[in-house]
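Below: the structure, in structure tokens.
The values are calculated or read from the model by the stated rules, or taken from the named source; none is laboratory data. These numbers were taken from a predicted model, which means no experiment stands behind them. Cβ: placed from backbone, ideal geometry, glycine included. Neighbour counts: every protein chain shown. For accessibility, only protein heavy atoms count, side chains too; no ligands or nucleic acids. Shrake-Rupley method; radii C 1.70, N 1.55, O 1.52, S 1.80 Å.
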Amino acid sequence: DPMDDTGDSDGGIFVCYPGLNELGDTCFPLVDAGTDLGDGYAYPEPYLDNPQYNSPTRYIDLRVTDHSTAVAPNFNFGEFMSVSKGPFGLFQVHAVETLQAIREASGGAITVNSGYRNVTYNEGVGGAEHSRHIYGDAVDMTSAVLSLSALAELCEDFGAGFTRLYDSHVHCDWRDDPLDTLF
């Protein structure tokens, strides 16, 4: 079904990713946020009243989604969202597009160690209260062909708002890019 610009098709709201052929037609239905989702979705108040830290209004139900679906030529759904990090998730479309561009520029595979985390999972792994992982625009990753410092530089070249080198990975996020209004 064709979508209008709000992601609405047949009365439901969908988010669409580039997909294997980068046609923007790899779509997933969204569910509304609410207290019925549980404590894992009780977001903190926005950091310094910045709208980039507003609680999401919708999520993808990860329990009914095919995690092997290609959301970009070199990435599948399960690399960015996992039921083990919460039954509902989100990952910003612009972040997928940027990571695909980073992959192409690097000339080799990128391994995403962590993408979206719900609030409870994020707390459990010692993540910051306002971690960009809970807003779906952050990844912890490694490269098959680049050093961690070169990968961090590539993230910065592609507009990352924040990068940090760790011993085992690079954290890159796009905290300054507008959040997808569908989420």
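Here segment 95-149 is assigned +1 on the Cβ of each Lys and Arg and -1 on the Cβ of each Asp and Glu. Its dipole about the Cα centre then comes out at about 100 debye.
The radius of gyration of the Cα set in the chain, together with its Dmax, comes out at 15.6, 47 angstrom. Computed from the Cβ-Cβ distance with R0 of 35 Å, the FRET efficiency linking Asp36 to Ala70 stands at 0.70. Inter-label distance, Tyr166 to Ala150: 2.2 nm, where each label sits 7 Å from its Cα along the C-beta direction.
Summed over qualifying helices (DSSP H, 4 residues or more, each -39500 (n - 2.57)) and divided by its residue number, the chain shows a 222 nm mean residue ellipticity of -5000 deg cm²/dmol.
Each residue of segment 32-45 was assigned a 3J(HN,Hα) from its phi angle through the Karplus expression (A = 6.51, B = -1.76, C = 1.60, θ = phi - 60°), giving 6, 5, x, 5, 5, 6, x, 4, x, 10, 8, 6, x, 4 Hz with x at Gly and Pro.
Working note: Karplus 6.51/-1.76/1.60 with θ = phi - 60° gives segment 75-84 the couplings 9, 10, 3, x, 6, 9, 9, 8, 4, 5 Hz, where Gly and Pro are set to x. Using R0 = 22 Å, the C-beta based FRET efficiency linking Asp25 and Thr181 works out to 0.70. In a fully extended conformation the segment linking Asp49 and Glu129 would gain 27.4 nm over its present Cα-Cα distance, using 0.36 nm per residue. Distances between placed amide hydrogens fall under 5 Å for Asn76 paired with Val71, all partners being 5 or more residues away or on another chain.
Between Asn113 and Asp140, Met141, Thr142, the built amide H atoms are under 5 Å apart, and every one of these is 5 or more places off in sequence or on another chain. Excluding ligands, DNA and RNA, the accessible surface per residue across segment 99-148 is 36 Å² with a 1.4 Å probe.
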